[in-house]
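First the structure, in the form of structure tokens, and then the observations on it.
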Amino acid sequence: MIYMFAEWYKPGCSLEYPLHGTGALVDALVRGLQKFGGRLSLRSHVEEIVVENNRATGVKLRSGQFIRAKKAVISNASMWDTSNLLPKEVLPKSYLDRINTTPQCESFMHLHLGFDAECIKKDLGIHHIVVNDWSGGVDADQNVVLISVPSVLSPDLAPPGKHLLHAYTPGTEPFELWKGLDRRSAEYKQLKAERSEVMWRAVERALGPGFSREKCEVKLVGTPLTHKRFLRRNRGTYGPAIEAGKNTFPGHSTPISQLYCCGDSTFPGIGVPAVAASGAIVANSLVSVSQHSQLLDAIGI
């Protein structure tokens, strides 16, 4: 946050958005990975991190395939999900105790919409924040909704004459409300309707009278169970709830040789900039000093 604010207040600076949406960033990372001989395997559910003689030697997939690690195994799953991929007997009790006692942030509600742009104001901004009660605090349940309409800047993200929108509650949705619910049950559908109403109202407030929920052609509601299922996140959590000044995020090495962790369960913390930094730290840890020097020379530092 500090680095971002420093940039924001420089003369002529503004908040930008990647052309063709944030998916373009993912595409660029994949191109870089493949350019240097890497391979990305999709639909490859990791069942277990294989440990031999206290050394991570690879991963076993749900299909039964074993992928051997040449140098190391790196997990960007949360601390809770990573520990569940390891044989329990290989982790020291103190390490497990820290994981099990680390508090978690709550989860999310999501609303994805697709609708006609014809009746929407032409000067619509891309980002909107709706706070229902400033005295309640930004972390209060159902008090804050963030809204993004990326098709405002990248029309190619939606069909001609259409907008797409994403609204969400920022890590404030209690998982306990959803725990144990069957995603196919009437009870689950009813709770989705009730808990998504705050986002519908926020969208109506931000987009104005030209917006009609009844005319939306795409309506998708995500819940903490959606987070848990599709992102494979323990309790659908946003990540560890570690307060600055009271505790620190764990480092990237583990008690298992050649097993490293990155992501929001490690230093420097939660959020895209922090998580990207954690990945860079682990990558830098696995290359030689001479390779560091070559890279610095290549970029002119």
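Here are the numbers:
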read-out: Accessible area of region 1-77 belonging to carbon and sulfur atoms, whole % at 1.4 Å probe; value: 57 percent
read-out: Cα gyration tensor shape for region 163-248, rounded if a/c is under 1.5, else prolate or oblate; value: oblate
read-out: Rounded to the nearest 20 debye, dipole of the chain from Cβ charges on Lys, Arg, Asp, Glu; value: 980 debye
read-out: About the Cα centre, charge dipole magnitude for region 107-227 (Lys/Arg +1, Asp/Glu -1 at Cβ), debye; value: 260 debye
read-out: Accessible-area composition of region 107-227, carbon plus sulfur, in percent [1.4 Å probe]; value: 55 percent
read-out: Förster radius 30 Å - calculated FRET efficiency between Ser293 and Lys35 (Cβ-Cβ, nearest 0.05); value: 0.90
read-out: Region 114-164: trypsin sites (Lys or Arg not before Pro) in DSSP coil with no more than 12 other Cβ atoms inside 10 Å; value: Lys121, Lys122
read-out: Inter-label distance, nm, simple model (7 Å from Cα along the C-beta direction), Asp133/Asn54; value: 5.4 nm
read-out: Loop-exposed chymotrypsin sites (Phe, Trp or Tyr not before Pro) per DSSP, neighbour cap 16 Cβ within 10 angstrom, longest uninterrupted part of the chain; value: 37-301
read-out: Distance in nm between pseudo-label sites at Phe5 and Ser63 (7 Å out along the Cβ direction from Cα); value: 4.8 nm
read-out: Probe 1.4 Å, protein heavy atoms only - accessible area per residue of the chain in square angstrom; value: 63 Å²
read-out: Whole-angstrom gap from region 275-301 to region 117-140, using each part's C-alpha centre; value: 40 Å
read-out: Estimated distance in nm for a label pair at Leu146 and Glu214, the labels positioned 7 Å out from Cα along Cα-to-Cβ; value: 3.3 nm
read-out: Dipole moment magnitude, nearest 20 debye, region 1-123 about Cα centre, only Lys, Arg, Asp, Glu C-beta charged; value: 700 debye
read-out: Positive-pole candidate from Ser212, Ala193, Pro273, dipole of region 147-294, charges at beta carbon; value: Ala193
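The values are calculated or read from the model by the stated rules, or taken from the named source; none is laboratory data. Everything numeric in this text was worked out from a predicted model, so none of it was measured. Glycine gets a Cβ as well: all are built from the backbone with ideal geometry, and neighbour counts include every protein chain shown. Note: areas computed on protein heavy atoms with side chains; ligands, DNA, RNA excluded. Shrake-Rupley method; radii C 1.70, N 1.55, O 1.52, S 1.80 Å.
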